[in-house]
Amino acid sequence: MLKVCKIALLSLLCVFECQAHAESPKVAIASAHPLATAAGFEVLAKGGNVYDAAVAVSAALAVVEPFASGLGGGAYWLLHREKDNFDTLIDGREKAPLAAHKAMFLDKDGQVIDKLSLDGALASAIPGMPAGLVHLSEKYGQLSLAENLAPAIRYAQTGFAIGERYLKLLKFRADTLKQFPETAQLFLPAGQLPQPFSILRQPDLANTLTQIAKSGRNGFYKGQVADQLLEGVKNRGGIWTQEDLDAYEVVERKPVTGYYKDIKITSSAPSSSGGIVLIEALNILEGYDLAALTDLTRKHLIVEAMRRAYHDRSLYLGDADFINIPVERLLNDDYAAGLRSSIRFDKALPSQQLSGQLELHSEGINTTHFSIIDEDGNRVAATLSINFPFGSGVVPAGTGVVLNDEMDDFDSLPGALNGYGLIGGVANAIAPGKRMLSSMAPTFLETKDQVAVLGTPGGSKIISMVLLAALDFSIGHTPDSWVNVPRYHHQFMPDVIEYEANALSEADIKDLKSLGHQLKPVRYPYGDMQAVLLNKTTKTLSAASDKRGEGQAVVGQ
Ligand code: DON
């Protein structure tokens with residue numbers, strides 16, 4: 001069935017190719033769903049640029065992956081415009097409601113109340129995705145917002161066949177979704193899991209998207225949709241007000257940049273930790289000739305670099321609009337050299353010796369990423385999320401919008417663990433209007449003749465996945481290799497290397513243990529990386545979609 005769907009899509013793409021403007025450049029798109037990739041090509045065929053395509057892909061993903069991202073969530077879009085060599089990060093991360101406060105997830109004894117920041121509307125922060133789509137389309141696109149949203153509206157109206165990934169995540173969250181009748185009605189018809197490949201139609205979501213297409217941000221943050229959102233949130237224990245919706249704005253930020261050898265890295269700035277942790281780890285690793293080392297030592301050093309960079313994440317990172325982050329220090333080569341000097345070749349450093357005592361666990365395959373580049377080098381890397389699969393489980397009646405549970409990405413209590421086992425402190429404490437710290441890392445890697453665009457979902461593991469892909473890029477491998485590289489991960493706490501079954505051999509495991517590392521296999525492969533590559537000299541494009549997912553990478557016009 002999926003094959004049939006893919007074949008139908010390819011013929012659709014051919015139609016777009018035939019209709020494409022003669023002067024339009026070739027484009028590569030990799031996304032987590034074939035219909036989202038097709039939506040991008042559909043607007044390109046109408047004369048859209050890569051930013052229009054990014055709007056169309058983002059909106060389509062909101063429809064065909066309602067478990068991963070959507071209008072009820074947030075996103076980071078990393079953009080590059082070639083003609084004036086301009087880079088920017090559109091920070092469309094959700095914001096805490098104005099009535100939010102530090103202790104909102106704690107009981108009277110000051111303990112974290114289980115699941116309160118994950119299930120139900122108190123877990124939902126003010127969505128940034130709708131404002132981001134409007135901003136991206138109106139400021140950077142060439143087509144109208146309505147044209148860019150058209151494929152998504154069509155998918156929501158006519159429906160699409162649900163895949164295995166959808167069903168797996170629905171099953172995982174079914175108990176939560178059943179608590180909310182509006183949600184169960186939509187995703188669990190007759191209280192049951194739907195059959196594989198059955199058609200999901202979302203007429204309410206089509207209507208909400210249509211309101212945005214007609215009225216821009218007012219179609220979501222004001223009027224009928226806003227009223228329905230506020231009512232639905234109130235009914236499910238949330239604290240949103242019209243003032244919150246009025247106050248939501250995306251922010252354009254300067255991306256963080258750094259170098260690993262001759263590779264320029266451009267990635268997300270806070271409110272995401274992605275770029276800083278990625279570059280800090282690469283700065284530490286730059287002091288070694290990794291290619292000349294044994295496989296064991298290389299892996300050991302990569303883990304030790306991850307440990308130290310994630311440690312700084314938990315100490316220093318949060319929303320830059322609320323706290324001072326020592327970005328320059330964290331990205332400084334001398335600072336990295338200091339951290340490197342604490343790394344021994346023959347011994348793992350227990351994380352507790354870095355600081356404090358803290359603990360914990362892992363992630364999922366929700367959230368989503370796409371990458372787009374044209375042959376001129378214009379490009380977008382975007383990671384979009386509602387956090388856990390199907391977010392908070394709340395869908396306000398009449399909207400079709402799945403609300404995020406991104407409040408869990410704050411630190412409800414210094415030293416407490418969030419759903420990804422991440423710990424943090426005051427830097428990422430809850431405050432009204434603040435953005436919760438993210439790990440999303442939409443990234444560009446650039447050398448004299450190559451530009452790569454990549455990213456992935458995976459909660460706290462996002463950054464280590466992008467790190468391993470960047471190292472794979474640095475040794476001359478192709479996108480197909482970066483996205484499928486076997487993965488291992490260390491995030492400072494818990495003090496353990498988590499690894500995919502094929503990432504470490506029996507000998508690796510034994511040798512890493514002998515250096516003092518603790519190891520834990522993950523139950524399932526993780527991540528869903530989407531990557532595209534331009535060779536600037538030959539103007540050749542290539543693209544790859546992670547084999548772990550159900551995405552599609554296409555080079556077309
Ligand atoms: O912003 C973050 O870091 C998380 N909310 C991302 C969640 C995610 O990637 C879930 N996927 N496994």
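The values are calculated or read from the model by the stated rules, or taken from the named source; none is laboratory data. Just so it is clear, the structure is predicted and the values come from calculations on it, not from any experiment. Every residue, glycine as well, gets a Cβ built from its backbone with ideal geometry; the counts of neighbours run over all protein chains shown. Note: accessible area is taken over every heavy atom of the protein model, side chains too, but ligands, DNA and RNA are not part of it. Shrake-Rupley method; radii C 1.70, N 1.55, O 1.52, S 1.80 Å.
Suppose we keep only residues that are under 24 Å from Glu65 (Cα atoms) and of a type in the set (Lys, Arg) within region 517-557. Which one would you say is surrounded by the most Cβ atoms within 10 Å (Cβ to Cβ)? Steps first, please.
Step one: list which residues in region 517-557 are under 24 Å from Glu65 (Cα atoms), which gives 522-532, 543-556.
Still in the list and also of a type in the set (Lys, Arg): 523, 547-548.
Numbers: Arg523: 9, Lys547: 13, Arg548: 19.
Of everything passing the filter in region 517-557, Arg548 is surrounded by the most Cβ atoms within 10 Å (Cβ to Cβ).
Ala226 fails exactly one of the following numbered conditions: (1) within 30 Å of Lys461 (Cα to Cα); (2) open to solvent by less than 60 Å² (accessible area, probe 1.4 Å). What is the number of that condition?
(1)
Search region 494-511 for residues that are closer than 15 Å to Leu296 by Cα and pair each with any residue that is β-branched (Val, Ile, Thr) when their beta-carbon atoms are under 6 Å apart and the residues are at least 6 apart or on different chains.
Matching pairs, first to second residue: Ile497/Val303.
I'd like the full set of residues that are buried (at least 21 other Cβ atoms within 10 Å of the Cβ) and touching a Gly at 6+ places or on another chain (Cβ under 9 Å), limited to region 320-340.
As a first pass, look at region 320-340 and keep what is buried (at least 21 other Cβ atoms within 10 Å of the Cβ): 330, 336, 339.
Scanning region 320-340 gives a single hit, Ala336.
Any idea how many residues of region 250-295 are part of a helix (DSSP H, G or I), of a type outside the set (A, V, I, L, M, F, W, C) and open to solvent by 10 Å² or more (accessible area, probe 1.4 Å)? Steps first, please.
Going residue by residue through region 250-295, those that are part of a helix (DSSP H, G or I) are 274-285, 290-292, 295.
Okay, now just the ones that are also of a type outside the set (A, V, I, L, M, F, W, C), so 274-275, 280, 283, 295.
In the following step, the residues that additionally are open to solvent by 10 Å² or more (accessible area, probe 1.4 Å) were identified as 295.
Total meeting the criteria: 1.
Among the residues of region 425-444, count how many are surrounded by 24 or more Cβ atoms within 10 Å (Cβ to Cβ) and either under 21 Å from Val27 (Cβ atoms) or away from the ligand (no atom under 12 Å from the Cβ) (or both).
Summing the residues that are surrounded by 24 or more Cβ atoms within 10 Å (Cβ to Cβ) and either under 21 Å from Val27 (Cβ atoms) or away from the ligand (no atom under 12 Å from the Cβ) (or both) in region 425-444 gives 3.
Restricting to helices (runs of 4 or more DSSP H) lying wholly in region 441-557: which have 3 or more residues that are closer than 26 Å to Ser272 by Cβ?
Details: elements: 462-474, 479-484, 506-514.
So the answer is 462-474, 479-484.
Restricting to region 390-420, what's the tally of residues that are in contact with a helix residue (DSSP H, G or I) (Cβ under 7 Å, 6 or more places away or on another chain) and either among the hydrophobic types (A, V, I, L, M, F, W, C) or within 14 Å of the ligand (Cβ to nearest atom) (or both)? Steps first, please.
Pass one, region 390-420, residues in contact with a helix residue (DSSP H, G or I) (Cβ under 7 Å, 6 or more places away or on another chain): 390, 392-401, 403, 405, 407-408, 410-411, 414, 418-420.
If we keep only those that are either among the hydrophobic types (A, V, I, L, M, F, W, C) or within 14 Å of the ligand (Cβ to nearest atom) (or both) as well, we get 390, 392, 394-395, 397, 401, 403, 405, 407-408, 410-411, 418-420.
The total comes to 15.
Has region 110-120 got at least one residue that is among the polar types (S, T, N, Q) and either closer than 27 Å to Ala381 by Cα or part of a strand (DSSP E or B) (or both)? Step through it out loud before you land on a result.
Step one: filter region 110-120 for residues among the polar types (S, T, N, Q), giving 111, 117.
Keeping just the survivors that are either closer than 27 Å to Ala381 by Cα or part of a strand (DSSP E or B) (or both) gives none.
There is no residue in region 110-120 that is among the polar types (S, T, N, Q) and either closer than 27 Å to Ala381 by Cα or part of a strand (DSSP E or B) (or both).
Quick check on my filter: what residues within region 106-160 are surrounded by fewer than 22 Cβ atoms within 10 Å (Cβ to Cβ) and charged (D, E, K, R)?
Result: Asp107, Lys108, Asp109, Asp114, Lys115, Glu138, Lys139, Glu147, Arg154.
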